[in-house]
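The values are calculated or read from the model by the stated rules, or taken from the named source; none is laboratory data. Source: prediction; values computed, not measured. Heads up, the Cβs are rebuilt from the backbone with ideal geometry, glycines too, and the neighbour counts pull from every protein chain shown. Side chains are part of the model used for accessible areas, which takes the heavy atoms of the whole protein and leaves out ligands, DNA and RNA. Shrake-Rupley method; radii C 1.70, N 1.55, O 1.52, S 1.80 Å.
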Amino acid sequence: MISPQIHILDFNGVYEEQRTLKSLAEFVFSKKIEGIRYMVLPEKIPEIENILPSHLGVTFLGDGEFHHLTYFIIKKIKRPFVLVVFDNHLDAREEEFLTCDSWIRKALKLKHLVKVVVVGTQEQEKIHRVFYSETDPQKILKLLGRHPVYLSIDKDVLDIGITGWESGRVSLEDLLNVLRHIPLRKILGADICGEPDPLEFWKMQESEKVNLSILSALFFEKLHYVPGSEHLEGKPAHVT
């Protein structure tokens, strides 16, 4: 079962003003690293693997140009699992290096990955072990079968336009409804990306609200937590 630990990787200051979210975090990494945006240069792989949390929880990755860091998280999973990706794009191109639009193709080579379920994408290429679904919880649960699941959410799948990419077609309520239907015991971990450009400061408050809503659907509603209650309020983050 997923641990209610929250990790924030802030490579460009995009979470600086998301104070409520940061107050819930167990770990915050705040430092710019060259050579990892859009793609990871091979010589940067050890550095990335070193800063990633050792335990699965919920990891905030920043904007969509860092979505490929999901690959380094899920490669740690040592049991058969299903990857469920919420994304407006199909990040499964054939690329030599690990990039933000090829990481699913790379992930399919992982030993323990059983299948990938992509929800909300407008691009549907026929790829072995990749399945597509709309936001129907029962259909998604059927695709999961008996396997545990890792969730990867790019907020550009939403129709509210808070990311630097074009908006998707999924409503926030539909996304939250799917998350509520996935039993907590089946979830191994999750990550969330799709933050606005740091210069678009007027989008930050709404983006934080979406982040907190996702956490609520994953944890608080299932564990009967109340955001801001004594369970989580004021918990100091470990900042690097």
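Summary of values
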quantity	calculated
Reported label for calculated volume of the Cα convex hull per residue in Å³ given (i) 162; (ii) 113; (iii) 126	(ii)
Antiparallel bridge percentage (DSSP; both residues within the chain; nearest 5)	5 percent
Helix-only [θ]222 nm of the chain, DSSP H runs n ≥ 4, -39500 (n - 2.57) each, per residue, nearest 500	-5500 deg cm²/dmol
Computed FRET value (nearest 0.05) for residue 202 with residue 20, which takes r as the C-beta separation and R₀ as 25 Å	0.90
Residue-wise HN-Hα coupling along region 88-99, computed from phi with Karplus coefficients 6.51, -1.76, 1.60 (Hz; x: Gly, Pro)	6, 10, 9, 7, 9, 6, 8, 9, 5, 9, 6, 10
Largest to smallest accessible area among 39, 1 [probe 1.4 Å]	1, 39
In order through region 207-214: 3J(HN,Hα) via Karplus (6.51 cos²θ - 1.76 cosθ + 1.60), integer Hz, x for Gly, Pro	4, 5, 4, 5, 4, 5, 5, 5
Positive-pole candidate from 207, 29, 58, dipole of the chain, charges at beta carbon	58
Choice from 87, 63, 197 showing the highest fluctuation, given a GNM over the chain with Cα pairs closer than 10 Å	197
Among 199, 218, 113: highest mean-square fluctuation, GNM of the chain, C-alpha pairs under 10 Å	199
Amide H partners (placed H, <5 Å) of residue 161, local residues excluded	168
The chain, relative contact order in percent, only Cα pairs under 8 angstrom and at least six apart counted	26 percent
Residue 20 accessible area, assembled protein chains, probe 1.4 Å, Å²	70 Å²
Under the Karplus curve 6.51 cos²θ - 1.76 cosθ + 1.60, θ = phi - 60°, whole-Hz ³J(HN,Hα) for region 60-70, x wherever Gly or Pro sits	8, 9, x, 7, x, 6, 10, 4, 5, 5, 3
DSSP-assigned coil residues among GluC sites (Glu not before Pro) in region 1-81, each with at most 13 further Cβ atoms within 10 Å	16, 34
5 angstrom amide H check on residue 192, placed H, neighbours 5+ away	59, 60, 61, 153
Distance (nanometres) between label positions extended 7 Å along Cα→Cβ at residue 138 and residue 159	2.2 nm
Region 20-144, accessible surface, carbon-and-sulfur percent (1.4 angstrom probe)	51 percent
Per residue solvent-accessible surface (Å²) - the chain, probe of 1.4 Å	46 Å²
Of 31/139; 22/139; 76/139, pairs whose Cα-Cα distance is over 31 Å	31/139; 22/139
